[in-house]
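Structure first, commentary second.
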Number of protein chains: 2
Amino acid sequence: MAIIDTFRFTDAEYENRLARTRAAMEKAGIDVLITSDPSNMAWLTGYDGWSFYVHQAVIIGPTGEPVWFGREQDAQGALRTTYMAEADIICYPDYFVQSSERHPMDYLAAKLTERAWHTGRIGVEMDNYWFSARGYRSLADGLANDLVDITGLVNWQRGIKSPAELDHMRKAARIVERMHARIAEKVEPGMRKCDLVADIYDAALRYDEEWGFGGDYPAIVPLLPSGTDAAAPHLTWDDKPMKTGEGTFFEIAGCFRRYHCPLSRTIFLGKPTQQFLDAEKAVLEGMEMGLEAARAGNTCEDIANAFFDVLRKWGITKNNRTGYPIGLSYPPDWGERTCSLRPGDQTVLQPGMTFHFMTGLWLENFGFEITESIAITDGAPECFADVPRKLLVKN
Amino acid sequence: MAIIDTFRFTDAEYENRLARTRAAMEKAGIDVLITSDPSNMAWLTGYDGWSFYVHQAVIIGPTGEPVWFGREQDAQGALRTTYMAEADIICYPDYFVQSSERHPMDYLAAKLTERAWHTGRIGVEMDNYWFSARGYRSLADGLANDLVDITGLVNWQRGIKSPAELDHMRKAARIVERMHARIAEKVEPGMRKCDLVADIYDAALRYDEEWGFGGDYPAIVPLLPSGTDAAAPHLTWDDKPMKTGEGTFFEIAGCFRRYHCPLSRTIFLGKPTQQFLDAEKAVLEGMEMGLEAARAGNTCEDIANAFFDVLRKWGITKNNRTGYPIGLSYPPDWGERTCSLRPGDQTVLQPGMTFHFMTGLWLENFGFEITESIAITDGAPECFADVPRKLLVKN
């Protein structure tokens, strides 16, 4: 069989990830761990594929290799993308798919029972997109086990990146640099948003001979609202022309083999208003202070407080967190969903941790984003990408 | 405030959708319905935005207008994309986002109680990506209510499309035609997959002056595995060159304002093997028989059985369903998750229902997809797109 090994890390890396996870399971008193988050599944086993719209999971039992669980037709993808042996790939027949009569978790319960993995403390990700309330109930009933909530347990193990992962993220940074350069080159009044997005995808994907690689799909599609609509952070695009006199932020990420480097910039078509010029000054000054605080030994809230202190000085209120950890991700989110850069989060920064320092402002009648993706090091933080850190003005 | 009305249907259409849903609630004995599926939220209110990575919902109470519920910063998106008044938009502060100490559903429980919508039979989508096991528990505890599973209740109301929706899907069909034409034009041995995907996105998105519209992002990224890897249906792409002597299927969709027209075709580079030629004959003959059975008054399983009968004649076993309803969708799935084209599904076909007739084969060492998206009419089914229905051979 053809092995798709391009997305694969070394065996030693996967052994280390499994060992880290098992140590966390032991600490939490978990005998069997069931992870449905596709990012966690990929991180633990290499599994890759757009199959997360049906129920699937990786299960780590008390001993031995992890088990992949999914739909019958996707077992072929598991055989090709993971390091796992066929005996460790369990799949359910297609009549379990989107059926109101039977649930894939009924099937998993039976299979876990066969392996005698049905007793003790069994952990599931109760607050994850991919493990539904019905899945929980079917599994708990099928195992006659209350199940334990281990949301985030695997995600937390992903926090400190290996050198190979950092290398992937640096490649994603090359891609996002190219995406922003393309936007700067192409954007102009009258250009239709959908055409600009086509250019953004082009820059996100194409192979570069010098680099020796091309791009993967980011976990979030481009967000690029204009004018007063930019007060709403999560609008995508339409097919209307861009207008003179409006600012537009571009929240995008480069992606290399599922590893992300998000980076946002803002462009004003025409003469920027004082509001934009003030936002630029406040954000850039706050960014500097935040980066200064992004040191090993400090905490997540130290970065946020440094940034928010500057905003307060400028009379700007930002009612939301100012960043989150990043790395390997699948839709709908390129964040890792563990710590956040916000007051009260006392997670200690360690070398190898990576964050999107999300200094975006969504104010009453406009939005402004200049952000950086960073790695914590032994000294000053590494900014992954090198894109001019300023408001871009075009006529 | 600028109103993004391009994605909006008429008020009468939304009133009709709400009335249909309320009738279904009454039939199911549901007093309050909470839908977290972004496709259902958009269908009921027009809400659009990439915010489904945090908890959100639309709530239909016993009387009055629906309520939008989501994150504080996304209320700006709700104000801009829905028809709803500010009083019907409830949002939770950002410190509820991805917190291990508090859950957005605690907040929703309090707000529903304020509105006296906390008693009676409250329905939630228990088997949906976007309503987690933890969300269920927080809401059930917060309301001191057992909650009722209404998975699919709103989805079922979406089954029969309005003329305006069919028009959207026909526009998506123009887009998917252009995508396949671009693939046929560009694909050749040595072309890197990531470059071909860049071309596919270009054809999916750009504005066409003659049509008067451009494209939106499909709910699934392009799937295009080659050779023996095409035995796995859900692999995406890498940055390696395509090879002579290999077949590749292209499972893609055109998307216009979140409405989809999926369509798959297969391309062989070089001289196709007998296996591919046989698969082509079997699938095309089965497709004809299936389309023949796709008549109002027949059932979903009639289409599937007609197709499977032909496959059996050719000695081919397909262990999975052969289609599903389509229309308005958000990631991770462009299917509607109600009925399926498979034996045993006795859903009666009605004019205005739309399906992806998914006749794909994923066999031991290759894959083959020639599919059609169709609408049930008073007579023969309408095939949305016009793409040559054959194995494409290129050298």
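The values are calculated or read from the model by the stated rules, or taken from the named source; none is laboratory data. Remember, it's a predicted structure, so these values are computed and weren't measured experimentally. We place every Cβ from the backbone using ideal geometry, glycine too, and count neighbours over all the protein chains shown. Note: accessible area is taken over every heavy atom of the protein model, side chains too, but ligands, DNA and RNA are not part of it. Shrake-Rupley method; radii C 1.70, N 1.55, O 1.52, S 1.80 Å.
Mind checking the per residue accessible area of the stretch A:11-158 for me, 1.4 Å probe, whole number of Å²?
So the stretch A:11-158 comes to 34 Å² accessible per residue, rounded to a whole number.
The magnitude of the dipole of the protein assembly as shown, with charges of +1 and -1 set on the Cβ of Lys/Arg and Asp/Glu and taken from the Cα centre, is near 320 debye. Copy-to-copy label distances for B:D378, where each label lies 7 Å from Cα along Cα-to-Cβ, are 8.0 nm in order of increasing length. 3J(HN,Hα) couplings calculated from phi for the stretch A:137-143 with the Karplus curve 6.51 cos²θ - 1.76 cosθ + 1.60 (θ = phi - 60°) are, in sequence order, 5, 4, 6, 4, 5, x, 9 Hz; Gly and Pro show x. A 1.4 Å probe run over the protein chains yields, for the stretch A:163-393, 32 Å² of accessible area per residue, whole-number rounding.
The apolar share of the surface of the stretch B:11-158, taken as the fraction of accessible area on carbon and sulfur atoms (1.4 Å probe, ligands and nucleic acids excluded), comes to 48 percent. Applying a DSSP loop filter and a limit of 11 other Cβ atoms within 10 Å to the trypsin sites (Lys or Arg not before Pro) in the stretch B:1-78 leaves nothing. Tell me, which residues of the stretch B:111-132 get at least 50 Å² less accessible area when the other protein chains come in, versus the chain alone (1.4 Å probe)? Checking the loss per residue gives B:M126, B:D127, B:Y129. Its Cα centre serving as origin, the stretch B:163-393 has a Cβ charge dipole (Lys and Arg +1, Asp and Glu -1) of approximately 300 debye.
What shape does the stretch A:163-393 take by its C-alpha gyration tensor, where a ≥ b ≥ c are the square roots of the eigenvalues and a/c under 1.5 counts as rounded, a/b above b/c as prolate, and the rest as oblate?
oblate
Ignoring the sites themselves, chain B has its longest run without GluC sites (Glu not before Pro) in a DSSP loop having at most 11 other Cβ atoms within 10 Å at B:211-363.
Just so you know, the Cα atoms of the stretch A:46-101 work out to an Rg and Dmax of 11.4, 34 Å. Solvent-accessible area lost on pairing A with B (1.4 Å probe, both sides summed) amounts to about 7000 Å².
Kindly work out what percent of the DSSP beta bridges joining two residues of chain A are antiparallel, to the nearest 5.
Close to 75 percent.
Taking the label point 7 Å along Cα→Cβ, B:D11 and its counterparts in the other copies are spaced 6.9 nm apart, in ascending order. Relative to the longest principal axis of the Cα atoms of chain B, the long axis of helix B:274-293 makes an angle of roughly 50 degrees.
Note that the stretch A:23-30 has calculated 3J(HN,Hα) couplings of 5, 5, 4, 4, 4, 8, x, 9 Hz, one per residue in order, obtained from phi through the Karplus relation 6.51 cos²θ - 1.76 cosθ + 1.60 (θ = phi - 60°); glycine and proline are x. Can you tell me how the protein assembly as shown classifies by the Cα gyration tensor, rounded, prolate or oblate, using a/c under 1.5 as the rounded cut? Rounded, because the longest to shortest axis ratio a/c is under 1.5. In degrees between 0 and 90, to the nearest 10, how far off the longest principal axis of chain A does helix A:163-186 point, with axes built from Cα atoms? Taking the Cα atoms of chain A, the angle to A:163-186 is about 40 degrees. Pairing the Cα long axis of helix A:104-114 with the longest principal axis of chain A, what angle in degrees results, from 0 to 90 and rounded to the nearest 10? For helix A:104-114, the angle is close to 50 degrees. Taking the chain by itself as reference, the stretch A:326-346 contains these residues with an accessible-area loss of 40 Å² or more in the full protein complex (1.4 Å probe, heavy atoms): A:P332, A:R342. For B:P343, the label point sits 7 Å beyond Cα toward Cβ; its separations from the matching points on the remaining copies run 6.4 nm, from shortest to longest. Surface composition of the stretch A:299-361: carbon and sulfur make up 47 percent of the accessible area, probe 1.4 Å. Note on the stretch B:293-395: dipole from Cβ charges, positive end direction compared against B:L311, B:T299, B:Q346; the farthest Cα belongs to B:L311. Projecting the Cα positions of A:I200, A:M287, A:G77 onto the charge dipole of chain A (unit charges on Cβ atoms of Lys, Arg, Asp and Glu, taken about the Cα centre) puts A:M287 furthest along the positive direction.
Antiparallel as a % of all DSSP beta bridges within the protein assembly as shown, to the nearest 5?
75
In terms of its C-alpha gyration tensor, chain B has a prolate overall shape, because the principal axis ratio a/c (a ≥ b ≥ c, square roots of the eigenvalues) is not below 1.5 and a/b outweighs b/c.
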